[in-house]
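See structure below.
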Amino acid sequence: MRLSLKLYLLFLPLVALTVSLVGISSFTFAQRALKENAKDLIQAVNAQKESDFLRWIEGNKRLVQSMAQRPLVRDYAAILVSASQGSAEFLEAERLLLQDHFLVNVDWSGGIEEFSVIHPVTGEILVSTDQDLNGKFRVNEGYFLEGKEGIFVDGIKYDASEGKVALHITAPIISKEGELLGVLAGHVNLEELDRIMVDGVDGNSSLDTYLVNNMSQFTTKPRFLSSVENQEAVFTEGVNACQLGWTGFLEGADYRQVEVLGYYHWLRGWQICLVTEIDEAEAYQSVAELQTSLLAVSLVIALIGGLVSAGFVRSVTEPLTDLAFGAVAIGEGNLDYRVDPRGKDELGRLGVSFNQMAHNLEQARQENAQVVAELRQLSEELELRVEERTEDLQRSNEELERFAYVASHDLQEPLRMVTSYLLLLNKRYADKLDGDALEFINFAVDGATRMKRLINDLLAYSRVGTHGQAFGEVDLNKVLERAKVSLGIMIAESEAKVTSGILPIVMADEGQIEQVMQNLIGNAIKFSNDQVPAVRVEAKRYNQQWWQISVSDNGIGIDPVFFERIFVIFQRLHTREEYGGTGIGLAISKRIIERHGGRIWVDSTPGNGSTFHFLIPSVPTWIEQGERRI
């Protein structure tokens, strides 16, 4: 495939992708902004309707309260309560109360449509602007019971006694002496709420606001329902959520099964949901128009990008074609080939660089032969030096090993002689020497014995890397058993408990690993506190190449500042009188583990025991040959 076609295939998708990303980003941003505007609109309408609703309630509340506080209303109410029904005094008080106070304040267009005076004890309606209500009882109604205590606005709900959705406002009628004379009840005309909910809405808009009570019943008539029957309910997703006390935006079907964007506001104090909805088709109409505009702009940008890409591809491919021919010529050995640089841009400088490269290659070819000859000579000299150094190192190691053996042998011979003569002196002249002399002899024998043990440990330390056995498969379960046998006397005397999990088969020097186990378990028993020593040996996979072996105890523990020091040869944390030994056991263990390529470390807290960990190689999978291993 030609480079020009590749560049076209590269740039055209890039242009298309860029245009698409810009278009999608612009559309997404604008869509989000338009949706937010729609949300702001319906939330603002909802807030305005809530304010209008509360203002309307407050106006009717003030009317009922002021009516109950009128002196004449108090006087007439006192007569109605005390006089016999049907008496001239009762009928006169009823007439004046209706004529001068109630009927003149009844507002059938949106205020109080009915006033009643209710007996404070029996709950009987003594007088009402609706003659059909006289003599009826409201003793169990919540608005009557609350109205005896103070001004009260009941919820908007279906009233079975009246057979319709109702709202009552009640206030106590109290005499000058503070006696409860009755309860004034005002029945609010809810048709005014319908007007409040639709007031100010453009007739061509789908914007709709209505109220739903806590029984999911329409409290006001939505715009797009011709009428609302008593107890007619609505169960849309937004209303259902609002009934649970939720307030927020939701997209979904409304009571007409039309997709809308709605804001659902739960008026907690009224146990009612204020719903404001607008059809999605109207709310997102601007989004659809924006999508069409962005598509047209994107097509124009894509066309311009295609033309620019064509010119760019041509300006790139022609100089590159010349460079390609030049590269072939250089590759065939024609270092005299030169190209014609075009322009002063990067491609022009590339042509100049190509010509300079050809010139440099010619010079480098001439210098290369000389450099190769010099490198060959240096390589031969280096190999000779490495062989000489290797022989010197091997000879030095052999001499050091012979020196360690001879030194240990020659040092132990005079120690044996000193020890023997001291013991002979003690045996022959014990009855002639005083107590101090015998004590001095014992000190000398003990010092010689410790010196012998120190020399043996030092010799063992020096031979870790030279006298070890070849690595092979080692069953750590068997190694642990042999170490326990070697430590049998110490375990028996201390009554130590040495336990383990199932240990793996590893690649190791069996004798050296047994020595490590013996050193760690011996230290765990030796550095115990007053309780019975408990030692636990466990293993876990560190990774595919290594096993991690852990030896835990309940001993005296180690301060973290000494974690590194305890692995240094002859470093002791306690006196010989406190704990015996030469202080070389952990150093030998460290050297053995390092010979196996692993590492050893400790975790401990003073007084809470210690756990020594070391890594040991696992058996390679190519050795296992399919056998099942731990």
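Please indicate, with yes or no, whether at least one residue in the range 148-159 is free of Cβ contacts under 8 Å to residues at least 12 places away in the same chain, in contact with a strand residue (DSSP E or B) (Cβ under 8 Å, 6 or more places away or on another chain) and either in a helix (DSSP H, G or I) or surrounded by fewer than 18 Cβ atoms within 10 Å (Cβ to Cβ) (or both).
Residues of the range 148-159 that are free of Cβ contacts under 8 Å to residues at least 12 places away in the same chain, as a first pass: 159.
Restricting the remaining residues to those that are in contact with a strand residue (DSSP E or B) (Cβ under 8 Å, 6 or more places away or on another chain) gives 159.
Then keep just the ones that are either in a helix (DSSP H, G or I) or surrounded by fewer than 18 Cβ atoms within 10 Å (Cβ to Cβ) (or both); that gives 159.
Scanning the range 148-159, I find at least one residue that is free of Cβ contacts under 8 Å to residues at least 12 places away in the same chain, in contact with a strand residue (DSSP E or B) (Cβ under 8 Å, 6 or more places away or on another chain) and either in a helix (DSSP H, G or I) or surrounded by fewer than 18 Cβ atoms within 10 Å (Cβ to Cβ) (or both), so the answer is yes.
Only one of these is of a type in the set (Ser, Thr, Tyr), on the phi < 0 side of the Ramachandran plot, crowded, with 18+ Cβ neighbours inside 10 Å and modelled with pLDDT under 90: Ser494, Ser486, Ser528. Name it.
Working: Ser494 fails: crowded, with 18+ Cβ neighbours inside 10 Å; Ser486 fails: crowded, with 18+ Cβ neighbours inside 10 Å.
Matching residue, one of Ser494, Ser486, Ser528: Ser528.
Where residues in the range 89-124 are of a type in the set (Val, Ile, Thr) and open to solvent by less than 10 Å² (accessible area, probe 1.4 Å), which of them is nearest to Gln69 (Cα to Cα)? Write out each step before concluding.
Let us first name the residues in the range 89-124 that are of a type in the set (Val, Ile, Thr), namely 104, 106, 112, 117-118, 121-122.
Filter once more, so that each one left must be open to solvent by less than 10 Å² (accessible area, probe 1.4 Å): 112, 117-118.
On the way: Ile112: 17, Val117: 13, Ile118: 15 Å.
Once the filter is applied, the top-ranked residue is Val117.
Can you tell me which residue among Ser408, Ser420, Ser396 is open to solvent by less than 80 Å² (accessible area, probe 1.4 Å) and at pLDDT 70 or above? Show your work before the answer.
Working: Ser408 fails: at pLDDT 70 or above; Ser396 fails: at pLDDT 70 or above.
Matching residue, one of Ser408, Ser420, Ser396: Ser420.
Determine which member of the set Val64, Val106 is closer than 30 Å to Gly200 by Cβ and under 60 Å from the mean Cα position of the chain (by Cα).
Numbers: Val106 fails: under 60 Å from the mean Cα position of the chain (by Cα).
Answer to the check: Val64.
In this structure, does Glu473 turn out to be more than 20 Å from Leu520 (Cβ to Cβ), open to solvent by 60 Å² or more (accessible area, probe 1.4 Å), within 59 Å of the chain's Cα centre (by Cα) and at pLDDT 70 or above?
Details: more than 20 Å from Leu520 (Cβ to Cβ): yes; open to solvent by 60 Å² or more (accessible area, probe 1.4 Å): yes; within 59 Å of the chain's Cα centre (by Cα): yes; at pLDDT 70 or above: yes.
Answer is yes for this residue.
In the range 35-50, is there at least one residue being under 30 Å from Phe102 (Cα atoms), modelled with pLDDT of 75 or more and either touching a strand residue (DSSP E or B) at 6+ places or on another chain (Cβ under 9 Å) or not in a helix (DSSP H, G or I) (or both)?
Just the residues of the range 35-50 that are under 30 Å from Phe102 (Cα atoms), to begin with: 49-50.
With the extra rule that they be modelled with pLDDT of 75 or more, the set shrinks to 49-50.
Filter once more, so that each one left must be either touching a strand residue (DSSP E or B) at 6+ places or on another chain (Cβ under 9 Å) or not in a helix (DSSP H, G or I) (or both): 49-50.
Yes, the range 35-50 contains at least one residue that is under 30 Å from Phe102 (Cα atoms), modelled with pLDDT of 75 or more and either touching a strand residue (DSSP E or B) at 6+ places or on another chain (Cβ under 9 Å) or not in a helix (DSSP H, G or I) (or both).
Going by what's in this entry, would Glu162 be described as part of a helix (DSSP H, G or I) and not polar (S, T, N, Q)?
Considered against the rule, which asks whether it is part of a helix (DSSP H, G or I) and not polar (S, T, N, Q), Glu162 comes out as no.
Just name the residue that is modelled with the lowest pLDDT out of those in the range 334-381 that are touching a Pro at 6+ places or on another chain (Cβ under 6 Å) and open to solvent by less than 50 Å² (accessible area, probe 1.4 Å).
Filtering the range 334-381 down to residues touching a Pro at 6+ places or on another chain (Cβ under 6 Å) leaves 342, 347-348, 351-352.
Filter once more, keeping what is open to solvent by less than 50 Å² (accessible area, probe 1.4 Å): 347-348, 351.
Details: Leu347: 65, Gly348: 68, Gly351: 69.
This residue is Leu347.
Could you list, in sequence order, all residues of the range 67-85 that are open to solvent by less than 70 Å² (accessible area, probe 1.4 Å) and in a helix (DSSP H, G or I)? Even if it seems obvious, please write down each step before you answer.
Restricting attention to the range 67-85, the residues satisfying the condition of being open to solvent by less than 70 Å² (accessible area, probe 1.4 Å) are 67-68, 73-74, 76-81, 83.
Answer for the range 67-85, where residues must be open to solvent by less than 70 Å² (accessible area, probe 1.4 Å) and in a helix (DSSP H, G or I): Met67, Ala68, Val73, Arg74, Tyr76, Ala77, Ala78, Ile79, Leu80, Val81.
Quick one: would you say Glu58 is at pLDDT 90 or above, within 30 Å of Leu184 (Cα to Cα) and over 49 Å from the mean Cα position of the chain (by Cα)?
yes
Sort out which residues of the range 169-196 are open to solvent by 10 Å² or more (accessible area, probe 1.4 Å), outside any loop (DSSP other than H, G, I, E, B) and touching a helix residue (DSSP H, G or I) at 6+ places or on another chain (Cβ under 8 Å), and write them in order of number.
Pro172, Ile174, Leu181, Glu192, Ile196
Every residue in the range 98-129 that is out of contact with any helix residue (DSSP H, G or I) (no Cβ under 9 Å at 6 or more places or on another chain) and either farther than 12 Å from His187 by Cβ or modelled with pLDDT of 90 or more (or both), please.
If the condition is that a residue be out of contact with any helix residue (DSSP H, G or I) (no Cβ under 9 Å at 6 or more places or on another chain) and either farther than 12 Å from His187 by Cβ or modelled with pLDDT of 90 or more (or both), then Leu98, Gln99, Leu103, Val104, Thr122, Glu124 are the ones that fit.
Any chance the range 128-146 includes a residue that's surrounded by fewer than 18 Cβ atoms within 10 Å (Cβ to Cβ), of a type outside the set (Asp, Glu) and closer than 29 Å to Val45 by Cα?
no
What pairs come out if I take residues in the range 68-96 that are under 21 Å from Phe144 (Cα atoms) and pair them with residues that are open to solvent by 40 Å² or more (accessible area, probe 1.4 Å) and assigned to a helix (DSSP H, G or I) whose C-beta lies under 6 Å away, six or more apart or interchain?
Once the first residue is under 21 Å from Phe144 (Cα atoms) and sits in the range 68-96, its partners that are open to solvent by 40 Å² or more (accessible area, probe 1.4 Å) and assigned to a helix (DSSP H, G or I) give Ile79/Glu89.
The values are calculated or read from the model by the stated rules, or taken from the named source; none is laboratory data. These numbers come from a predicted model, not from an experiment. Neighbour counts are summed over all protein chains in view; Cβ atoms, including those assigned to glycine, are modelled from backbone coordinates with ideal geometry. We work out accessible area using only protein heavy atoms, side chains counted, and drop any ligands, DNA or RNA first. Shrake-Rupley method; radii C 1.70, N 1.55, O 1.52, S 1.80 Å.
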